[in-house]
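Shown next, in C-alpha coordinates, is the structure this report addresses.
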Amino acid sequence: MSDLHRDPNKILRSHALGARKRYGQNFLIDENILKKIADSAPIDEETLVVEIGPGLGALTRYLLNRAKAVLAYEIDQGLVKLLKKHFTQHHFYLIHDDVLNRDIDQDIATLNQSFKHVVLVANLPYYITTPVLMQCLEKTESLSHLSVLMQHEVAKRITAKPSTKAYNALSVAVAYRANAHYAFKVPASVFVPAPNVDSALVTLQFRQPKQIPKHEPFFFELVRAAFKQRRKTLLNNLSAFTSLSKAEISERLTRIGIEPSARAETLNLETFIRLADAFNNHQ
Ligand code: SAM
(Lines give C-alpha, C1' and ligand atoms only; values in the text may rest on other atoms or scores of the structure.)
Protein backbone atom coordinates (compact mmCIF):
# COMPACT_ATOMS: atom_id res chain seq x y z
CA MET A 1 0.00 0.00 0.00
CA SER A 2 1.39 3.42 -0.90
CA ASP A 3 2.31 5.74 1.97
CA LEU A 4 2.56 8.81 -0.26
CA HIS A 5 -0.08 10.61 1.74
CA ARG A 6 1.60 10.38 5.16
CA ASP A 7 3.34 13.72 5.15
CA PRO A 8 1.94 15.71 2.23
CA ASN A 9 4.27 18.68 2.67
CA LYS A 10 7.39 16.52 2.78
CA ILE A 11 6.36 14.44 -0.23
CA LEU A 12 5.40 17.49 -2.27
CA ARG A 13 8.64 19.29 -1.37
CA SER A 14 10.76 16.31 -2.26
CA HIS A 15 9.19 16.32 -5.73
CA ALA A 16 9.56 20.08 -6.11
CA LEU A 17 5.79 20.43 -5.87
CA GLY A 18 3.65 22.50 -3.51
CA ALA A 19 -0.01 22.33 -2.49
CA ARG A 20 -1.67 24.30 -5.28
CA LYS A 21 -4.33 26.65 -4.07
CA ARG A 22 -5.82 27.12 -7.50
CA TYR A 23 -6.63 23.40 -7.64
CA GLY A 24 -8.19 23.44 -4.17
CA GLN A 25 -5.51 21.14 -2.77
CA ASN A 26 -6.14 20.41 0.91
CA PHE A 27 -4.87 16.94 1.69
CA LEU A 28 -6.60 14.80 4.30
CA ILE A 29 -4.26 13.38 6.92
CA ASP A 30 -6.58 11.81 9.50
CA GLU A 31 -6.88 8.04 9.10
CA ASN A 32 -10.11 7.87 11.11
CA ILE A 33 -11.83 10.37 8.86
CA LEU A 34 -10.48 8.73 5.70
CA LYS A 35 -11.82 5.39 6.87
CA LYS A 36 -15.18 6.89 7.82
CA ILE A 37 -15.50 8.41 4.34
CA ALA A 38 -14.72 5.08 2.66
CA ASP A 39 -17.14 3.32 5.06
CA SER A 40 -19.95 5.73 4.16
CA ALA A 41 -20.20 4.34 0.61
CA PRO A 42 -21.62 0.92 -0.29
CA ILE A 43 -18.51 -0.61 -1.88
CA ASP A 44 -17.90 -4.30 -2.56
CA GLU A 45 -15.90 -6.38 -5.01
CA GLU A 46 -18.51 -5.72 -7.73
CA THR A 47 -18.36 -1.94 -7.35
CA LEU A 48 -16.70 0.69 -9.51
CA VAL A 49 -15.65 3.73 -7.50
CA VAL A 50 -15.21 7.04 -9.29
CA GLU A 51 -12.88 9.34 -7.38
CA ILE A 52 -12.40 13.00 -8.21
CA GLY A 53 -9.03 14.46 -7.23
CA PRO A 54 -7.11 11.52 -5.69
CA GLY A 55 -4.28 13.93 -4.79
CA LEU A 56 -1.65 11.84 -2.99
CA GLY A 57 -3.97 8.85 -2.84
CA ALA A 58 -4.95 9.04 0.84
CA LEU A 59 -8.53 7.96 0.14
CA THR A 60 -7.67 5.99 -2.99
CA ARG A 61 -5.85 3.36 -0.87
CA TYR A 62 -9.05 2.48 0.94
CA LEU A 63 -11.09 2.46 -2.26
CA LEU A 64 -8.66 0.19 -4.12
CA ASN A 65 -8.74 -2.28 -1.26
CA ARG A 66 -12.50 -2.60 -1.38
CA ALA A 67 -13.66 -2.09 -4.97
CA LYS A 68 -13.51 -4.00 -8.23
CA ALA A 69 -11.97 -0.91 -9.81
CA VAL A 70 -11.30 2.77 -9.16
CA LEU A 71 -11.58 5.35 -11.93
CA ALA A 72 -9.96 8.61 -10.82
CA TYR A 73 -9.70 12.09 -12.36
CA GLU A 74 -6.74 14.27 -11.40
CA ILE A 75 -6.03 17.64 -12.99
CA ASP A 76 -2.52 18.19 -11.59
CA GLN A 77 0.20 16.71 -13.76
CA GLY A 78 2.73 16.51 -10.89
CA LEU A 79 0.30 14.47 -8.79
CA VAL A 80 -0.60 12.26 -11.75
CA LYS A 81 3.08 11.35 -12.13
CA LEU A 82 3.37 10.48 -8.44
CA LEU A 83 0.14 8.46 -8.43
CA LYS A 84 1.19 6.49 -11.51
CA LYS A 85 4.47 5.61 -9.88
CA HIS A 86 3.02 4.55 -6.52
CA PHE A 87 -0.33 3.01 -7.50
CA THR A 88 0.43 0.30 -10.00
CA GLN A 89 -2.59 -1.92 -9.29
CA HIS A 90 -4.25 -3.14 -12.47
CA HIS A 91 -7.68 -2.06 -11.20
CA PHE A 92 -6.66 1.62 -10.87
CA TYR A 93 -7.58 3.78 -13.86
CA LEU A 94 -6.30 7.34 -13.75
CA ILE A 95 -7.43 10.06 -16.13
CA HIS A 96 -5.31 13.20 -16.24
CA ASP A 97 -7.92 15.88 -16.97
CA ASP A 98 -10.33 18.41 -15.55
CA VAL A 99 -13.32 16.30 -14.50
CA LEU A 100 -15.66 19.07 -15.65
CA ASN A 101 -14.54 18.41 -19.24
CA ARG A 102 -15.38 14.72 -19.03
CA ASP A 103 -18.41 12.61 -19.75
CA ILE A 104 -18.24 10.27 -16.74
CA ASP A 105 -20.73 7.77 -18.22
CA GLN A 106 -18.64 7.60 -21.38
CA ASP A 107 -15.40 7.07 -19.43
CA ILE A 108 -17.04 4.24 -17.49
CA ALA A 109 -18.23 2.63 -20.72
CA THR A 110 -14.68 2.80 -22.06
CA LEU A 111 -13.49 0.54 -19.22
CA ASN A 112 -15.56 -2.15 -20.91
CA GLN A 113 -16.28 -4.09 -17.73
CA SER A 114 -19.45 -4.90 -15.87
CA PHE A 115 -20.14 -3.45 -12.43
CA LYS A 116 -23.05 -4.02 -10.13
CA HIS A 117 -22.86 -0.48 -8.74
CA VAL A 118 -21.02 2.70 -9.55
CA VAL A 119 -20.44 5.07 -6.65
CA LEU A 120 -18.56 8.34 -6.44
CA VAL A 121 -16.33 9.11 -3.46
CA ALA A 122 -14.35 12.34 -3.22
CA ASN A 123 -12.74 14.94 -1.05
CA LEU A 124 -13.77 17.58 -3.55
CA PRO A 125 -11.76 20.69 -4.32
CA TYR A 126 -13.92 23.51 -2.99
CA TYR A 127 -13.89 25.58 -6.17
CA ILE A 128 -15.71 22.95 -8.22
CA THR A 129 -18.06 21.45 -5.63
CA THR A 130 -21.29 22.85 -7.07
CA PRO A 131 -20.45 22.25 -10.78
CA VAL A 132 -19.34 18.66 -10.03
CA LEU A 133 -22.53 17.95 -8.13
CA MET A 134 -24.63 19.49 -10.91
CA GLN A 135 -22.71 17.38 -13.45
CA CYS A 136 -23.56 14.23 -11.46
CA LEU A 137 -27.20 15.19 -10.98
CA GLU A 138 -27.92 16.48 -14.49
CA LYS A 139 -25.70 14.56 -16.84
CA THR A 140 -24.61 11.29 -15.26
CA GLU A 141 -26.78 8.18 -15.28
CA SER A 142 -24.42 5.48 -14.01
CA LEU A 143 -24.05 6.62 -10.41
CA SER A 144 -26.13 5.11 -7.63
CA HIS A 145 -24.42 6.77 -4.66
CA LEU A 146 -22.19 9.75 -3.84
CA SER A 147 -20.09 10.29 -0.71
CA VAL A 148 -18.55 13.73 -0.95
CA LEU A 149 -16.60 15.91 1.40
CA MET A 150 -17.35 19.58 0.79
CA GLN A 151 -17.51 22.96 2.51
CA HIS A 152 -19.83 22.83 5.46
CA GLU A 153 -21.88 25.68 3.96
CA VAL A 154 -22.55 23.78 0.70
CA ALA A 155 -23.43 20.66 2.67
CA LYS A 156 -26.13 22.69 4.40
CA ARG A 157 -27.52 23.82 1.03
CA ILE A 158 -27.85 20.28 -0.19
CA THR A 159 -30.25 19.32 2.54
CA ALA A 160 -31.97 22.74 2.75
CA LYS A 161 -35.76 23.07 2.67
CA PRO A 162 -37.76 25.76 0.81
CA SER A 163 -38.04 29.21 2.42
CA THR A 164 -34.70 28.89 4.22
CA LYS A 165 -31.58 30.95 3.54
CA ALA A 166 -29.58 27.94 2.37
CA TYR A 167 -32.15 26.71 -0.19
CA ASN A 168 -30.94 27.20 -3.78
CA ALA A 169 -30.78 25.59 -7.25
CA LEU A 170 -28.54 22.81 -5.93
CA SER A 171 -31.07 21.95 -3.19
CA VAL A 172 -33.79 21.56 -5.85
CA ALA A 173 -31.61 19.44 -8.17
CA VAL A 174 -30.66 17.16 -5.25
CA ALA A 175 -34.27 16.80 -4.08
CA TYR A 176 -35.20 15.80 -7.64
CA ARG A 177 -32.75 12.91 -7.99
CA ALA A 178 -31.55 11.74 -4.62
CA ASN A 179 -32.05 11.23 -0.91
CA ALA A 180 -29.43 13.41 0.73
CA HIS A 181 -27.93 12.89 4.15
CA TYR A 182 -25.62 15.20 6.07
CA ALA A 183 -23.30 12.57 7.58
CA PHE A 184 -20.72 14.38 9.76
CA LYS A 185 -18.67 17.53 10.16
CA VAL A 186 -14.91 17.53 9.53
CA PRO A 187 -12.73 20.18 11.18
CA ALA A 188 -10.30 22.23 9.07
CA SER A 189 -7.42 20.97 11.24
CA VAL A 190 -7.36 17.49 9.61
CA PHE A 191 -6.19 18.90 6.25
CA VAL A 192 -2.75 19.99 5.06
CA PRO A 193 -2.79 22.87 4.37
CA ALA A 194 -5.80 23.65 6.60
CA PRO A 195 -8.59 25.43 4.67
CA ASN A 196 -10.34 28.50 6.10
CA VAL A 197 -13.64 26.71 6.66
CA ASP A 198 -14.87 23.44 8.13
CA SER A 199 -16.07 20.65 5.85
CA ALA A 200 -18.81 18.05 6.01
CA LEU A 201 -19.46 14.69 4.44
CA VAL A 202 -22.71 14.36 2.52
CA THR A 203 -24.07 11.16 1.05
CA LEU A 204 -26.51 11.10 -1.84
CA GLN A 205 -28.51 8.00 -2.60
CA PHE A 206 -29.75 8.29 -6.18
CA ARG A 207 -33.31 7.18 -6.93
CA GLN A 208 -35.89 7.55 -9.68
CA PRO A 209 -37.45 11.03 -9.58
CA LYS A 210 -40.88 10.91 -7.94
CA GLN A 211 -42.24 13.13 -10.68
CA ILE A 212 -40.64 13.80 -14.06
CA PRO A 213 -40.75 17.12 -15.96
CA LYS A 214 -41.60 17.07 -19.67
CA HIS A 215 -38.05 18.03 -20.61
CA GLU A 216 -35.42 17.41 -17.96
CA PRO A 217 -32.57 19.61 -19.29
CA PHE A 218 -35.01 22.53 -19.53
CA PHE A 219 -36.14 21.90 -15.94
CA PHE A 220 -32.54 22.16 -14.68
CA GLU A 221 -31.96 25.32 -16.76
CA LEU A 222 -35.09 26.94 -15.46
CA VAL A 223 -34.26 26.15 -11.83
CA ARG A 224 -30.85 27.79 -12.27
CA ALA A 225 -32.43 30.83 -13.96
CA ALA A 226 -35.07 31.20 -11.25
CA PHE A 227 -32.35 31.52 -8.58
CA LYS A 228 -30.01 33.63 -10.70
CA GLN A 229 -30.66 36.85 -8.80
CA ARG A 230 -31.86 35.63 -5.49
CA ARG A 231 -33.47 38.85 -4.37
CA LYS A 232 -35.38 39.36 -7.60
CA THR A 233 -38.91 38.07 -8.12
CA LEU A 234 -39.64 35.01 -10.21
CA LEU A 235 -41.19 37.33 -12.81
CA ASN A 236 -37.95 39.28 -13.20
CA ASN A 237 -35.65 36.27 -13.25
CA LEU A 238 -37.86 34.48 -15.79
CA SER A 239 -38.07 37.58 -17.92
CA ALA A 240 -34.27 37.53 -18.29
CA PHE A 241 -34.47 33.81 -19.15
CA THR A 242 -37.31 33.61 -21.71
CA SER A 243 -38.25 35.73 -24.70
CA LEU A 244 -41.82 36.14 -23.39
CA SER A 245 -43.10 39.56 -22.30
CA LYS A 246 -43.62 40.22 -18.60
CA ALA A 247 -47.39 40.22 -19.16
CA GLU A 248 -47.21 36.77 -20.76
CA ILE A 249 -45.00 35.43 -17.97
CA SER A 250 -47.37 36.82 -15.32
CA GLU A 251 -50.31 35.26 -17.06
CA ARG A 252 -48.65 31.80 -17.20
CA LEU A 253 -47.56 32.00 -13.58
CA THR A 254 -51.02 32.96 -12.40
CA ARG A 255 -52.55 30.19 -14.51
CA ILE A 256 -50.52 27.56 -12.62
CA GLY A 257 -51.18 29.13 -9.25
CA ILE A 258 -47.85 30.91 -8.67
CA GLU A 259 -47.69 34.57 -7.61
CA PRO A 260 -45.54 36.51 -10.13
CA SER A 261 -44.04 38.39 -7.17
CA ALA A 262 -42.93 35.13 -5.48
CA ARG A 263 -39.22 34.36 -5.09
CA ALA A 264 -37.62 31.11 -6.21
CA GLU A 265 -36.58 30.24 -2.66
CA THR A 266 -40.24 29.76 -1.67
CA LEU A 267 -40.99 27.09 -4.32
CA ASN A 268 -40.76 23.38 -3.58
CA LEU A 269 -39.70 20.70 -6.06
CA GLU A 270 -43.23 19.90 -7.28
CA THR A 271 -43.88 23.58 -7.98
CA PHE A 272 -40.63 23.86 -9.94
CA ILE A 273 -41.68 20.91 -12.10
CA ARG A 274 -45.06 22.55 -12.72
CA LEU A 275 -43.28 25.80 -13.57
CA ALA A 276 -40.86 24.11 -15.98
CA ASP A 277 -43.71 22.32 -17.75
CA ALA A 278 -45.66 25.58 -18.12
CA PHE A 279 -42.70 27.32 -19.81
CA ASN A 280 -41.34 24.37 -21.70
CA ASN A 281 -41.09 24.77 -25.47
CA HIS A 282 -39.52 21.42 -26.13
CA GLN A 283 -42.59 19.21 -26.62
N1 SAM B 1 -8.19 13.16 -2.33
C2 SAM B 1 -7.05 13.86 -1.76
C3 SAM B 1 -7.17 13.88 -0.24
O4 SAM B 1 -8.29 13.62 0.25
O5 SAM B 1 -6.19 14.16 0.41
C6 SAM B 1 -6.93 15.28 -2.32
C7 SAM B 1 -8.15 16.15 -2.17
S8 SAM B 1 -7.89 17.85 -2.63
C9 SAM B 1 -9.15 18.65 -1.70
C10 SAM B 1 -8.61 17.99 -4.26
C11 SAM B 1 -7.89 17.24 -5.38
O12 SAM B 1 -8.62 17.48 -6.60
C13 SAM B 1 -6.46 17.70 -5.67
O14 SAM B 1 -5.66 16.57 -5.86
C15 SAM B 1 -6.58 18.53 -6.95
O16 SAM B 1 -5.40 18.56 -7.72
C17 SAM B 1 -7.72 17.81 -7.66
N18 SAM B 1 -8.48 18.65 -8.61
C19 SAM B 1 -8.72 19.98 -8.51
N20 SAM B 1 -9.48 20.40 -9.52
C21 SAM B 1 -9.76 19.32 -10.28
C22 SAM B 1 -10.51 19.13 -11.48
N23 SAM B 1 -11.13 20.15 -12.08
N24 SAM B 1 -10.56 17.89 -12.02
C25 SAM B 1 -9.91 16.84 -11.42
N26 SAM B 1 -9.19 16.96 -10.28
C27 SAM B 1 -9.12 18.19 -9.71
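The values are calculated or read from the model by the stated rules, or taken from the named source; none is laboratory data. Keep in mind the model is a prediction, meaning the values are calculated, not measured. Note: ideal-geometry Cβ built from the backbone for every residue, glycine included; neighbour counts use all protein chains shown. Remember, those area values only see protein heavy atoms, side chains included, never the ligands or the DNA or RNA. Shrake-Rupley method; radii C 1.70, N 1.55, O 1.52, S 1.80 Å.
Among Lys165/Lys232; Lys10/Lys85; Lys68/Lys156; Lys21/Lys139; Lys21/Lys161, which pairs are too far apart, with a Cα-Cα distance over 21 Å? Listed pairs above 21 Å: Lys68/Lys156; Lys21/Lys139; Lys21/Lys161. DSSP bridge analysis restricted to the chain gives an antiparallel fraction near 45%, rounded to the nearest 5. Of the residues Ala155, Ala262, Ala58, the one that moves most in a GNM of the chain with alpha-carbon contacts below 10 Å is Ala262. Once backbone amide H atoms are built at 1.01 Å from N, Val50 has Leu71, Val119, Leu120, Val121 as its partners under 5 Å, excluding neighbours fewer than 5 places away on the same chain.
Protein heavy-atom accessible surface, 1.4 Å probe, per residue over the chain: 48 Å².
Highest mean first, how do 119-126, 159-166 rank when packing is the count of other Cβ atoms within 10 Å averaged over residues?
The densest-packed peptide leads the list: 119-126, 159-166.
By a 1.4 Å probe calculation restricted to protein chains, Ser114 has an accessible surface near 80 Å², given to the nearest 10.
For segment 258-263, putting each phi into the Karplus relation 6.51 cos²θ - 1.76 cosθ + 1.60 with θ = phi - 60° gives couplings of 10, 5, x, 8, 5, 10 Hz, in residue order, rounded to whole numbers and with x for Gly and Pro.
Using just its DSSP H runs of length 4 or more, each adding -39500 (n - 2.57), the chain gives a mean residue ellipticity at 222 nm of -11000 deg cm²/dmol after division by all residues. These residues, Tyr127, Tyr93, Tyr73, Tyr23, go from largest to smallest accessible area, 1.4 Å probe, as Tyr127, Tyr93, Tyr23, Tyr73. Couplings 3J(HN,Hα) of segment 121-135, computed from phi: 10, 7, 9, 6, x, 3, 5, 10, 4, 5, x, 5, 5, 5, 4 Hz, in residue order, whole Hz [Karplus 6.51 cos²θ - 1.76 cosθ + 1.60, θ = phi - 60°; x for Gly and Pro]. Overall shape: oblate for segment 3-206, with the ratio a/c of the largest to smallest alpha carbon gyration tensor axis at 1.5 or above and b/c at least equal to a/b. Surface listing: Val197, Val118 arranged by accessible area from highest to lowest gives Val197, Val118, probe 1.4 Å. Rolled with a 1.4 Å probe across the full set of protein chains, the surface gives Phe87 an accessible area near 10 Å². Under 5 Å from the amide H of Ser199 lie the amide H atoms of His152, Val186, Ala188, each residue being 5 or more positions distant or on a separate chain, with H modelled from the backbone and absent for Pro and chain starts. Ignoring aspartates and glutamates fewer than eight residues from Lys36 along the same chain, the ones with Cα atoms less than 17 angstrom from its Cα are Asp44, Glu51, Asp198.
The slack between Glu138 and Lys21, meaning 0.36 nm per residue of separation minus the straight C-alpha distance, is 39.3 nm.
Taking Lys and Arg as +1 and Asp and Glu as -1, the other residues whose beta-carbon sits under 13 Å from that of Leu48 total -3. Remark: accessible surface ordering of His86, His145 (largest first) is His86, His145, probe radius 1.4 Å. With the whole protein complex present, Glu270 retains an accessible surface near 90 Å², based on a 1.4 Å probe. For segment 238-283 versus segment 59-92, the inter-centroid distance based on Cα atoms is 46 Å. Rolling a 1.4 angstrom probe over the chain with all protein chains present gives an accessible area of which 48% lies on carbon and sulfur atoms.
Taking a ≥ b ≥ c as the square roots of the eigenvalues of the alpha-carbon gyration tensor, segment 216-279 is classed rounded because a/c is under 1.5. Per residue, the convex hull spanned by the Cα atoms of segment 26-101 measures out at 93 cubic angstrom. For segment 119-256, the square roots a ≥ b ≥ c of the C-alpha gyration tensor eigenvalues yield an a/c of 1.5 or more together with a/b exceeding b/c, which makes the shape prolate.
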